[in-house]
Each structure stands twice: as structure tokens, then as C-alpha cells.
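In what follows, a structure is listed as C-alpha cells, so that the remarks can point back to it.
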Amino acid sequence: MTNHQSPVTSNEQRITTHESRIYIAGHRGMVGSAVWRALEAKGYTNLIGKTSSELDLRNQEAVAEFFKLEQPDIVINAAAKVGGILANNEYPYPFLMENLQIQNNLIDTAHGMGVSKFVFLGSSCIYPKFAPQPIKEEYLLTDSLEPTNEWYAIAKIAGVKACEAIRKQFGKDFVSLMPTNLYGPFDNFDLKSSHVLPAMLRKFHEAKATNAPVELWGSGTPMREFLHVDDMAQAVVFAVEHVLPEHLYNVGTGTDVTIKALAETIQDIVGHKGELLWDSTKPDGTPRKLMDSSKLETLGWKSTVGLKDGIAKTYQWFLANCNHLKEVKN
């Protein structure tokens, strides 16, 4: 493993300017929209985005035509088909195939069109189910995956290795960032396909009026790490503005909580006074998943949003937008 070091300073680093044409794939999603806001706030003026109805990233020819027309200098891949345990279990084929199609088209076209920098975003689920804690980047492909989301994980691993291969063979600045569990504005709150934090937030909110009991999956004992999407966006900006010395970086807070503690925190923030019921017949998923983000932190990035503050901000956004929330269709 390469020793911790400062971001590389080279002529290539100067390619990124406030006038650079930056294409954010998935710019309407939770991560993509946060990256867009973060880049705008830093003065970047040539941001490019297309909705899925305007550009189907699964269509290789359409992606190639788009790149020829727009000529992006930098590509950020925040586009993916995402969902929680239930969605991954019930729809394994689209979680595998559509993610492969999206990222392969973006990575290969960017490489072929001479894009100077590519930032690939994945997920901590790429690591083995029983990886040593906290999870280091070198644990990738050392053991078997968590079965409930292996389809998505395999697609994302393929993306990481494709970027690594381009970097190794052609010396291009293609880098992969693997965030821990993300949450924040524009999250998916659909109870059938969402991740644990937004699902809990919606359940407690809907039960608040009558303080009805809230039933949650599993035992409550697994431990999870949560990163506010604005912190993730700052990690992407950091990768855009520096040439990083390695191909893969974890992005997390370095702290985790039990699912039970998470539920109690959300319950308190929402103001629900009813009973918590745990359905132990439902799967827990991975027992613990804490990321070692020290490689990126040593280079200069660090999370700043605390979990309680982040959840409170997310709930305020939810309240302001609950009449038109995003639903994930399968």
C-alpha cells in the first residue's frame, strides 16, 4: 500500500479551472445535486447536467453523441440505480445490468473522448460482508460480499476496476470514491426501495400524528456509519481540484452507531412518542460497516456535519418537500 501523501501537484492539476466543463451524471439525484451545489458555491460556471429523460445513460450511442456535443473536460459519475435491502433482493437483474450499462458507457466514452479527469462514485457495499473493521481500501475482493446487495456491489466493483485499469494502462486521472451510507436533501424516502435512515425518518413522521407503534426491520444491533451528502460533495470537489495519488478512496466520518441508536435519535428529532417494535424475522444485513477514511483525510478532506445536526437538517428538508418526494421505480 502506498504511504499517505499529499495530493500530487503537477501540470495536470492546473487543467481544472472555474471555466472547466464539468459533466455531472445524475445531477438531479441526492449526490449529484449536492455536488452541483458545492461546485457552484466555489465558482465553477460550466456545469453540465441532463435528466434521464433527456439522456438515457444506458444507451451507448446516445452517450457518445452527448459527449461529442458537450466536450466535457471532467466527468463525475453520480448516476446509478440505487436502493436498500428490499429493492436489491427483489430486483437483482436491473441493479446489476443497468449500473454496468450506465458506468461502462460513461467510463469508456470519457476515456475515448480524452476526458482529463473522471470521478467514479460507488458504495461501501463493494467490500466483503465480514471485512475487518474499520474497512480499508485494500480489503476489496478479499472475501465474499453481503448477499442482499451483491448485484449492485459487483457492478460498482467493475467500475472501480475499470477506472483503475485506465489509470494503470494510460496514466489518466480516473479516481473512485467509495462513500459510507449517505443521507440528506433529495434522498429517496420511498419505503419499498429506500435505505435505512430515510425509511426510518418517513416511518416516524407518518406515525407521529397518532404516536402509533413503528415497526423496524431486524434486531437493531448492527452498526452503521452515516455521512451527510454535503460532506460527500466536498470530497468530490476535493478530487476534482487535486490529482490524487491512488485510484480508490473511502469517504466516511470514522464513527458509527447501532441501528437502534439511530432509530431513537430520529424518533427524538421527529417528535414521535410511540413504541418501537423490532421484527427480528427480517434480515439485519452486514453486522458492522465502518470505513477507514484516513487516506483521504491525510490528503486534506474531512467530514464536518454531525449526525444529529445532519438528520435534523434532512427532516426540515423532508417537511418542506414531503408532498412531492422522489419515488424509485423498478
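The values are calculated or read from the model by the stated rules, or taken from the named source; none is laboratory data. Note that the structure is predicted; figures quoted are calculated from it, not measured. For neighbour counting, all protein chains shown are included, and Cβ atoms are generated from backbone atoms with ideal geometry for every residue, glycine included. In case anyone asks, the SASA skips ligands and DNA or RNA and just uses the protein heavy atoms, side chains included. Shrake-Rupley method; radii C 1.70, N 1.55, O 1.52, S 1.80 Å.
Pairs under 8 Å by beta carbon, first residue more than 19 Å from ASN99 (Cβ to Cβ) and aliphatic (A, V, I, L, M) in the range 42-71, partner at pLDDT below 95 and open to solvent by 100 Å² or more (accessible area, probe 1.4 Å), six or more apart or different chains?
Listed pairs, sorted by first residue: none to list.
Six or more apart or on different chains, Cβ under 6 Å: which pairs go from a residue in the range 134-156 that's under 12 Å from ILE85 (Cβ atoms) to one that's open to solvent by 70 Å² or more (accessible area, probe 1.4 Å)? Could you list them?
THR148/ASN89
So, THR16, is that one over 22 Å from the mean Cα position of the chain (by Cα), modelled with pLDDT of 50 or more and open to solvent by less than 30 Å² (accessible area, probe 1.4 Å) or not? It would help to see each step written out before you state the result.
Numbers: over 22 Å from the mean Cα position of the chain (by Cα): yes; modelled with pLDDT of 50 or more: yes; open to solvent by less than 30 Å² (accessible area, probe 1.4 Å): yes.
Yes, satisfied.
Could you check, for the range 208-221, whether at least one of its residues is closer than 17 Å to LEU290 by Cβ and touching a residue at least 60 places away in the same chain (Cβ under 8 Å)?
Checked against the condition, which is being closer than 17 Å to LEU290 by Cβ and touching a residue at least 60 places away in the same chain (Cβ under 8 Å), the range 208-221 yields at least one hit.
Considering each of GLU150, GLU138, GLU146, GLU225 in turn, give the residue that is modelled with pLDDT under 95 and within 29 Å of VAL305 (Cβ to Cβ).
Working: GLU150 fails: within 29 Å of VAL305 (Cβ to Cβ); GLU138 fails: modelled with pLDDT under 95; GLU225 fails: modelled with pLDDT under 95.
Criteria check complete, one pass: GLU146.
Across the range 136-161, which residue is surrounded by the fewest Cβ atoms within 10 Å (Cβ to Cβ) among those that are within 16 Å of the chain's Cα centre (by Cα) and β-branched (Val, Ile, Thr)?
It comes out as ILE154.
Go through the range 287-296 and count every residue that is modelled with pLDDT under 95 and crowded, with 22+ Cβ neighbours inside 10 Å.
Of the range 287-296, the ones modelled with pLDDT under 95 are 287-289.
Add one more test, that the residue is crowded, with 22+ Cβ neighbours inside 10 Å, and what stays is 289.
Of the residues in the range 287-296, 1 are modelled with pLDDT under 95 and crowded, with 22+ Cβ neighbours inside 10 Å.
Looking at (1) free of Cβ contacts under 8 Å to residues at least 60 places away in the same chain; (2) open to solvent by less than 10 Å² (accessible area, probe 1.4 Å), which one does ASN250 not meet, given that it meets all the others?
(1)
Could you say which residue among LYS302, LYS313 is part of a helix (DSSP H, G or I) and closer than 30 Å to ALA239 by Cβ?
On the way: LYS302 fails: part of a helix (DSSP H, G or I).
It is LYS313.
What's the number of the condition ALA87 fails, among (1) at pLDDT below 95; (2) open to solvent by 30 Å² or more (accessible area, probe 1.4 Å); (3) under 30 Å from VAL305 (Cβ atoms)?
The one condition ALA87 does not meet is (2).
Would you check if LYS168 is basic (Lys, Arg), part of a helix (DSSP H, G or I) and open to solvent by less than 50 Å² (accessible area, probe 1.4 Å)? Working first, answer last.
Details: basic (Lys, Arg): yes; part of a helix (DSSP H, G or I): yes; open to solvent by less than 50 Å² (accessible area, probe 1.4 Å): no.
It is false that LYS168 is basic (Lys, Arg), part of a helix (DSSP H, G or I) and open to solvent by less than 50 Å² (accessible area, probe 1.4 Å).
Please give the strands (runs of 3 or more DSSP E) falling wholly within the range 176-254 in which 3 or more residues are touching a Leu at 6+ places or on another chain (Cβ under 8 Å) and under 21 Å from GLU137 (Cβ atoms). Please lay out each step first, then the result.
Working: elements: 181-183, 214-217, 226-228, 248-251.
The qualifying strands (runs of 3 or more DSSP E) are 248-251.
Quick one: in the range 261-282, of everything that is of a type in the set (D, E, K, R) and over 14 Å from SER219 (Cβ atoms), which residue is least open to solvent (accessible area, probe 1.4 Å)?
So the first thing to find is which residues in the range 261-282 are of a type in the set (D, E, K, R), and the list is 264, 268, 273, 275, 279, 282.
Going one step further and asking which of them are over 14 Å from SER219 (Cβ atoms), we end up with 264, 268, 273, 275.
On the way: GLU264: 81, ASP268: 102, LYS273: 158, GLU275: 109 Å².
Looking at residues that are of a type in the set (D, E, K, R) and over 14 Å from SER219 (Cβ atoms), I get GLU264.
Please specify each residue of the range 67-80 satisfying the condition of being surrounded by 24 or more Cβ atoms within 10 Å (Cβ to Cβ) and either more than 20 Å from PHE174 (Cα to Cα) or β-branched (Val, Ile, Thr) (or both).
ILE74, VAL75, ILE76
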